[in-house]
Amino acid sequence: MTTARLFSLESWKRWSWSIVRLTLIVGLSFVILYPILQKISTAIKDKKDLYSPIVVWIPETYSWNNFKQAISIMDYWHTLLNTFSLSLLTTVLTAASCALAGYGFARLKFKGSGLLFAGVILTIMVPPTTILIPIYLNLKDFTLMGIIPLLTGKSVNLLNTYWPFILTSITANSLKAGLYIFIFRQFFRGVPKEVEEAAYIDGAGVVQTFLRIMLPNAVPSIVTVTLFSFVWQWNDSFFTTTYLTSSKVLSTQLSSLPYNLAIFLQDGDASQADPFYLSMVQDTGILLAILPLIVLYLFVQRYFVESIERTGIVG
């Protein structure tokens, strides 16, 4: 009798925990998927469904007109190519520079390294808005410590070019670079020192050891940083709209989509445009912007999860 009661209690606990987990998973899935499902529902609606009281999720009239308008106003395919090029360029440079910095903090101990790494951690916590103005002014009148005016007689304006992103990526100061350095540092600290010592005994230097021994073993952290960097650069609107105000990338095109569409529909008079319809087309543009990332995730999600498990983020 006692055994039967214990079995019943264990079974009840197991079922209760399963229900709790299912509830949490369904709740989190709803929070994550609700905005996407809402945008899909909005994108396929006809304009007249906006004012129909019976239309909530499923439209009465399906229409692709919102997609046509968004693709046309955003110059979508050209903008998509520019965004992909910028994200890929910054991702490669950021991964390379942060890997070097992470390896230096993990293995090359020197005086003041702890203080410098504390500065790296500080960049993760400090909001980027606090340093935006000095960076903006520096890029607007870029002198490279006075060398450029010495040679050419004037400073260089790097705004509305890719150079702000290239320079910050090369110097491991790009978007979320502090987090990437931390990921690489944690991974390299977990590599046995005997591996490096064996390379040094064979005559390899620090650079050769990093390139031939450490870097090939750091594939999990490289995959993690690469995906993080690519997605965050793709979705970035703060720095992109600041440095590339006249360039066609998704962030700038999305921010100006309602205004450009209003001018197009009203022959230059944006004030007379329907704000609800503008919001509908903007939701369609947002859906078009995140669609490539969804496709990318479908192909790399397995590698991404495996790389997260093998990096030293948790350890």
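The values are calculated or read from the model by the stated rules, or taken from the named source; none is laboratory data. Note that this is a predicted model, so its numbers are computed, not measured. Virtual Cβ from ideal backbone geometry, glycine too; neighbours counted across all protein chains shown. The area values use the complete protein model at the heavy-atom level, side chains included, leaving out ligands, DNA and RNA. Shrake-Rupley method; radii C 1.70, N 1.55, O 1.52, S 1.80 Å.
I want the local charge near C98. Using Cβ-Cβ distances under 11 Å, sum +1 for each Lys or Arg and -1 for each Asp or Glu among the other residues.
My count for the surroundings of C98 gives +2.
Can you give the alpha-carbon Rg of the chain over 2.2 N^0.38 Å, where N counts its residues?
1.31
Applying 1/(1 + (r/R0)^6) with R0 = 45 Å to the Cβ-Cβ distance of S85 and W12, what FRET efficiency is obtained, to the nearest 0.05?
In this case the efficiency is close to 0.20.
By how many nm would the segment from W57 to R21 lengthen if fully extended, with 0.36 nm per residue of separation less the alpha-carbon distance?
Here the answer is 10.2 nm.
Please list 167-180, 206-219, 283-296 highest first by mean number of surrounding beta-carbon atoms within 10 Å per residue.
Peptide ranking by packing, descending: 167-180, 283-296, 206-219.
Would you mind calculating the gained length between F110 and N65 on full extension (0.36 nm times residue separation, minus the Cα-Cα distance), in nm to one decimal?
Value of the extension gain: 10.1 nm.
Contour minus end-to-end for F276 and R189, with contour as 0.36 nm per residue of separation and end-to-end as the Cα-Cα distance?
Contour length minus Cα-Cα distance gives 26.0 nm.
Determine Rg/Rh for segment 10-134; Rg is computed over alpha-carbon atoms and Rh is the Kirkwood hydrodynamic estimate from the same atoms.
Here the Rg-to-Rh quotient is 1.19.
Let me know the number of lysine pairs in the chain closer than 24 Å at the Cα, not counting same-chain pairs under 8 apart.
Close lysine pairs found across the chain: 15.
Segment 29-66: which chymotrypsin sites (Phe, Trp or Tyr not before Pro) are DSSP loop and have at most 12 other beta-carbon atoms within 10 angstrom?
When the chymotrypsin sites (Phe, Trp or Tyr not before Pro) of segment 29-66 are filtered for loop state and at most 12 Cβ neighbours within 10 Å, W57, W64 remain.
Modelling each spin label as a point 7 Å along the Cα-to-Cβ direction, I'd like the I32/L298 distance in nm, to one decimal.
It is 1.6 nm.
Select from V126, L158, W57 the residue farthest towards the positive end of the dipole of segment 51-189; place +1 on Cβ of Lys and Arg, -1 on Cβ of Asp and Glu, and compute about the Cα centre.
Farthest towards the positive end: V126.
So what's the back-of-envelope 222 nm ellipticity for the chain, counting only DSSP H runs of four-plus at -39500 (n - 2.57) apiece and dividing by all residues, rounded to 500?
-23000 deg cm²/dmol
First compute the accessible area of the chain with a 1.4 Å probe, then give the percent of it belonging to carbon and sulfur atoms.
Answer for the chain is 68 percent, counting heavy atoms of protein chains only.
How large is the charge dipole for the chain, taken about the Cα centre, if only the Cβ atoms of Lys, Arg (+1) and Asp, Glu (-1) carry charge, to the nearest 20 debye?
That gives the chain a dipole magnitude of about 880 debye.
So, R0 is 25 Å and r is the distance between the beta-carbons of I121 and I147; what FRET efficiency does that work out to, to 0.05?
For R0 = 25 Å, the calculated efficiency reads 0.20.
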